[in-house]
Amino acid sequence: MKKTQVRIRVSSTEDFFARMKTLAQRLDRGEAVGGGIIVSFEDPQDMLRVLSSQRARLLRCVREQAMPIAVLASELQRDIRAVSRDVKLLEEAGLLRTSYQTNPGHGRLRIVEPVAQEYLLQASL
């Protein structure tokens, strides 16, 4: 995986459109734009709901190595259903991705992997 960075922050819709306008202007001028992914939440409570302490542990665990949900649950010493719910929420937020791998004779494994090698949490109160 290429070294990618995810910035997680709280920002308004106006901030989003201002960032996109600046990005479009730079692209129009033919300038290079930085890589990375930005995940923004309008409400700090939404960000805190998605990034609970257990989900932050989960992100740290899969950042090291992609793994099946069952192995991840075992590593975190948590119930597989709870880990599965957390993976789904983090995937919907754009912080994880999953894929399926054939497990001969036993169906398929759902593999959890990070979308980046580094996650930066940016918060202002």
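Readers should treat all values here as calculations from the given coordinates under stated rules, not as data from a laboratory. All of these numbers come straight from a predicted model, not from anything done at the bench. All Cβ positions, even for glycine, are placed from backbone atoms using ideal geometry, and neighbour counts span all protein chains on display.
Inspect all residues belonging to the range 24-38 and state whether any of them is of a type in the set (A, V, I, L, M, F, W, C), exposed (fewer than 14 other Cβ atoms within 10 Å of the Cβ), under 30 Å from VAL112 (Cβ atoms) and out of contact with any Lys or Arg (no Cβ under 8 Å at 6 or more places or on another chain). Working first, answer last.
Keep residues of the range 24-38 that are of a type in the set (A, V, I, L, M, F, W, C), which gives 24, 27, 32-33, 37-38.
Going one step further and asking which of them are exposed (fewer than 14 other Cβ atoms within 10 Å of the Cβ), we end up with 24, 27, 32-33.
Next, only the ones that are under 30 Å from VAL112 (Cβ atoms) stay: 33.
Next cut, out of contact with any Lys or Arg (no Cβ under 8 Å at 6 or more places or on another chain) only: none.
There is no residue in the range 24-38 that is of a type in the set (A, V, I, L, M, F, W, C), exposed (fewer than 14 other Cβ atoms within 10 Å of the Cβ), under 30 Å from VAL112 (Cβ atoms) and out of contact with any Lys or Arg (no Cβ under 8 Å at 6 or more places or on another chain).
Quick one: in the range 55-86, of everything that is without any contact (Cβ under 8 Å) to a residue 40 or more places away in the chain and in contact with a Lys or Arg (Cβ under 7 Å, 6 or more places away or on another chain), which residue is nearest to ILE111 (Cα to Cα)?
Ranking the candidates gives ASP86 first.
If you take the residues in the range 62-94 that are part of a helix (DSSP H, G or I), under 13 Å from the mean Cα position of the chain (by Cα) and of a type in the set (A, V, I, L, M, F, W, C), which one is nearest to PRO114 (Cα to Cα)?
Going residue by residue through the range 62-94, those that are part of a helix (DSSP H, G or I) are 62-64, 69-76, 80-92.
After this cut, where a residue has to be under 13 Å from the mean Cα position of the chain (by Cα) as well, the list is 62-63, 86-92.
Within this subset, residues satisfying the condition of being of a type in the set (A, V, I, L, M, F, W, C) are 62, 87, 89-90.
Details: VAL62: 6, VAL87: 10, LEU89: 13, LEU90: 10 Å.
Per the stated criteria, the residue is VAL62.
Applying the selection to the range 34-61, what residues are assigned to a helix (DSSP H, G or I) and either touching a strand residue (DSSP E or B) at 6+ places or on another chain (Cβ under 8 Å) or not charged (D, E, K, R) (or both)?
Within the range 34-61, PRO44, GLN45, MET47, LEU48, VAL50, SER53, GLN54, ALA56, LEU58, LEU59, CYS61 qualify.
Condition first: assigned to a helix (DSSP H, G or I), of a type in the set (Gly, Ala, Ser) and either in contact (Cβ under 8 Å) with a residue 60 or more places away in the chain or within 20 Å of GLN122 (Cα to Cα) (or both). Now tell me which residues in the range 1-33 satisfy that. First the steps, then the outcome.
Let us first name the residues in the range 1-33 that are assigned to a helix (DSSP H, G or I), namely 13-28.
With the extra rule that they be of a type in the set (Gly, Ala, Ser), the set shrinks to 18, 24.
Matches in the range 1-33: ALA18 only.
Go through the range 95-120 and give me each residue that's in a strand (DSSP E or B), surrounded by 14 or more Cβ atoms within 10 Å (Cβ to Cβ) and of a type in the set (A, V, I, L, M).
Taking the range 95-120 and keeping what is in a strand (DSSP E or B), we get 96-102, 108-114, 118-120.
From the residues that got through so far, the ones that are surrounded by 14 or more Cβ atoms within 10 Å (Cβ to Cβ) too are 96-98, 109-114, 119.
Matches in the range 95-120: LEU96, LEU109, ILE111, VAL112.
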